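Enquirer: The structure is given below, and queries will be raised subsequently.
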Amino acid sequence: MKTPLFDRRDFLRAAGASFASAMAPSAWAKTLAADAVFATAFIKRDGSYGAAILSEAGMVLHAIDLPARGHDVTFDPVSKRSVVFARQPGTFAVVFDHTGRDEPLTIASVSGRHFFGHGVFSTDGALLYATENDFDNAAGVVGVYDARAKFKRIGEFPTYGMGSHELLLLGDGRTIAVANGGIETHPDFGRAELNIATMKPSYVLVDRLAGDLVEKHELPPALHQLSIRHMDIDRSGTVWFGCQYRGPGMDRPLLVGRAARGKDLQLLDMPQDVLSGFRNYIGSVAANPAAGTVAVSSPEGNSLAVIDTASGRIVATNALAEVCGVAPDGASFIATTGAGEIIEARGATRSEPDYVWDNHMLRIEEAG
């Protein structure tokens, strides 16, 4: 690891995460029998927070309480445990069993760090990696947690940028891709963005074992306010990324791009009406390797678009109020909205009016 172990100094601010309700045997059976289920964070209309497991039909199968707003979920197929991360600048992550059989375990960020909302497991499930903010030094880091020792933090390495957000483990099992949004924040100022005039986003590849920088790619200087935020990997191993623009509102920069090892970043040209519909904000990116497509969503623009990964052509668009969460489902995608809607791949819509679904959704394969 690049830096030594950090002792836990902060009180476990997120202590007390627990089951939202007891799960009925019939719901357990549905979960265990499902080919795939989906995990997402939510806010309830009564102001409480949690994470839920949804069936392909949009049924809420299981839920846990969270002490504050969650962001993204990652899953370890080895131990069959999921982790939901707090939304920036949150200081907790919660490990849970999506079938509801085990009590959740809360991870607290160490002193001087907070979570950025995303994480990923190593292929053997032994380690959990999470993007974090070294806020006093305005630097992104990846915190490393031992999943076999109650998620004890065992070190960190730099992201070689600022405002690190989503991270992915590439196909070699060793290289981690990190989207550095380039935006300085500090918990003393909440979510205020402190360096818009000088921000410098980047896409980096880091060796997760040595912590060394493998590659670093920055956008052209004219696009220095185009914050790289979310990513996914298509079936060829290409990383697709979505951006959020912090420059003048009348500008319409390209917002979706792809990255391949050893090559410059490539921003994807798209029809002006589709681009304008995003309102300079991509909230989530999800690839469907089996279908050869990638979906991008914009809650700001109430818009979802599906892209053919081979040609880069837009093959479908959909106007959905406050859409953001999206995950592959069969040959298409399932999506959630801030209006409590769950839109299935077949086009059917289920409404859960008590829920405001959050930004991201994860497909969990072979549940149970």
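Enquirer: Is it the case that some residue within the stretch 78-96 is polar (S, T, N, Q), open to solvent by 10 Å² or more (accessible area, probe 1.4 Å) and touching a His at 6+ places or on another chain (Cβ under 8 Å)?
Expert: The answer is yes; a qualifying residue exists.
Enquirer: Considering every residue within the stretch 341-359, establish whether at least one is surrounded by 23 or more Cβ atoms within 10 Å (Cβ to Cβ), free of Cβ contacts under 8 Å to residues at least 60 places away in the same chain and in contact with a Gly (Cβ under 6 Å, 6 or more places away or on another chain).
Expert: No - not one qualifying residue is present in the stretch 341-359.
Enquirer: Pick from 188, 102: which is among the charged types (D, E, K, R) and over 29 Å from residue 246 (Cα atoms)?
Expert: Being among the charged types (D, E, K, R) and over 29 Å from residue 246 (Cα atoms) holds for just one of 188, 102, which is 102.
Enquirer: How many residues are of a type in the set (Ser, Thr, Tyr) and closer than 19 Å to residue 232 by Cβ if we restrict to the stretch 129-173?
Expert: Selection size over the stretch 129-173: 4.
Enquirer: Hey, another quick one. Of all residues in the stretch 135-161, which are touching a strand residue (DSSP E or B) at 6+ places or on another chain (Cβ under 6 Å) and part of a loop (DSSP other than H, G, I, E, B)?
Expert: 147, 151, 159, 160, 161
Enquirer: Output the qualifying pairs, or none if there are none: Cβ atoms under 7 angstrom, residues six or more apart or on different chains, first residue in the stretch 148-165 and at negative phi and without any contact (Cβ under 8 Å) to a residue 12 or more places away in the chain, second residue assigned to a strand (DSSP E or B) and open to solvent by less than 20 Å² (accessible area, probe 1.4 Å).
Expert: If the second residue must be assigned to a strand (DSSP E or B) and open to solvent by less than 20 Å² (accessible area, probe 1.4 Å), the pairs left are 152/145.
Enquirer: Filter the stretch 185-206 for residues that are among the small types (Gly, Ala, Ser) and loosely packed, with under 15 Cβ neighbours inside 10 Å; which is farthest from residue 220 (Cα to Cα)?
Expert: Here the residue is 190.
Enquirer: Answer yes or no as to whether residue 132 is closer than 21 Å to residue 107 by Cα, without any contact (Cβ under 8 Å) to a residue 40 or more places away in the chain and either in a helix (DSSP H, G or I) or not hydrophobic (A, V, I, L, M, F, W, C) (or both).
Expert: Yes, satisfied.
Enquirer: Answer yes or no as to whether residue 182 is touching a strand residue (DSSP E or B) at 6+ places or on another chain (Cβ under 6 Å) and assigned to a loop (DSSP other than H, G, I, E, B).
Expert: Criteria met by residue 182.
Enquirer: Do we find a residue being over 23 Å from residue 255 (Cα atoms), open to solvent by less than 20 Å² (accessible area, probe 1.4 Å) and among the basic types (Lys, Arg) anywhere in the stretch 144-152?
Expert: Scanning the stretch 144-152, I find no residue that is over 23 Å from residue 255 (Cα atoms), open to solvent by less than 20 Å² (accessible area, probe 1.4 Å) and among the basic types (Lys, Arg), so the answer is no.
Enquirer: Looking at (1) out of contact with any helix residue (DSSP H, G or I) (no Cβ under 7 Å at 6 or more places or on another chain); (2) open to solvent by less than 10 Å² (accessible area, probe 1.4 Å), which is the only condition residue 137 fails?
Expert: Only one criterion in (1) out of contact with any helix residue (DSSP H, G or I) (no Cβ under 7 Å at 6 or more places or on another chain); (2) open to solvent by less than 10 Å² (accessible area, probe 1.4 Å) is unmet by residue 137, namely (2).
Enquirer: Within the stretch 314-331, count every residue that is under 18 Å from residue 231 (Cα atoms) and either of a type in the set (A, V, I, L, M, F, W, C) or surrounded by fewer than 18 Cβ atoms within 10 Å (Cβ to Cβ) (or both).
Expert: Looking only at that region, the number is 5.
Enquirer: Select, from 288, 280, the only residue that is touching a residue at least 24 places away in the same chain (Cβ under 8 Å), farther than 20 Å from residue 165 by Cβ and not charged (D, E, K, R).
Expert: Matching residue, one of 288, 280: 288.
Enquirer: Hey, among the residues in the stretch 191-216 that are part of a loop (DSSP other than H, G, I, E, B) and among the basic types (Lys, Arg), which one's farthest from the chain's Cα centre (by Cα)?
Expert: 200
Residue-by-condition table, conditions (1) aromatic (Phe, Trp, Tyr); (2) at pLDDT below 95; (3) in a loop (DSSP other than H, G, I, E, B); (4) open to solvent by less than 50 Å² (accessible area, probe 1.4 Å):
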{"residue": "6", "(1), (2), (3), (4)": "yes, yes, yes, no"}
{"residue": "15", "(1), (2), (3), (4)": "no, yes, yes, no"}
{"residue": "39", "(1), (2), (3), (4)": "no, no, no, yes"}
{"residue": "43", "(1), (2), (3), (4)": "no, no, no, yes"}
{"residue": "98", "(1), (2), (3), (4)": "no, yes, yes, yes"}
{"residue": "107", "(1), (2), (3), (4)": "no, no, no, yes"}
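Enquirer: So, in the stretch 54-77, of the ones that are touching a Phe, Trp or Tyr at 6+ places or on another chain (Cβ under 7 Å) and either open to solvent by less than 10 Å² (accessible area, probe 1.4 Å) or hydroxyl-bearing (Ser, Thr, Tyr) (or both), which residue ends up nearest to residue 331 (Cα to Cα)?
Expert: That would be 54.
Enquirer: What are the residues in the stretch 73-88 that are under 16 Å from residue 108 (Cα atoms) and of a type in the set (D, E, K, R), if any?
Expert: The answer is 87, and nothing else.
The values are calculated or read from the model by the stated rules, or taken from the named source; none is laboratory data. Source: prediction; values computed, not measured. Note that each Cβ is placed from the backbone with ideal geometry, even for glycine, and that neighbours are counted across all protein chains shown. What goes into the accessible areas is simple: the full protein's heavy atoms, side chains included, and nothing from ligands, DNA or RNA. Shrake-Rupley method; radii C 1.70, N 1.55, O 1.52, S 1.80 Å.
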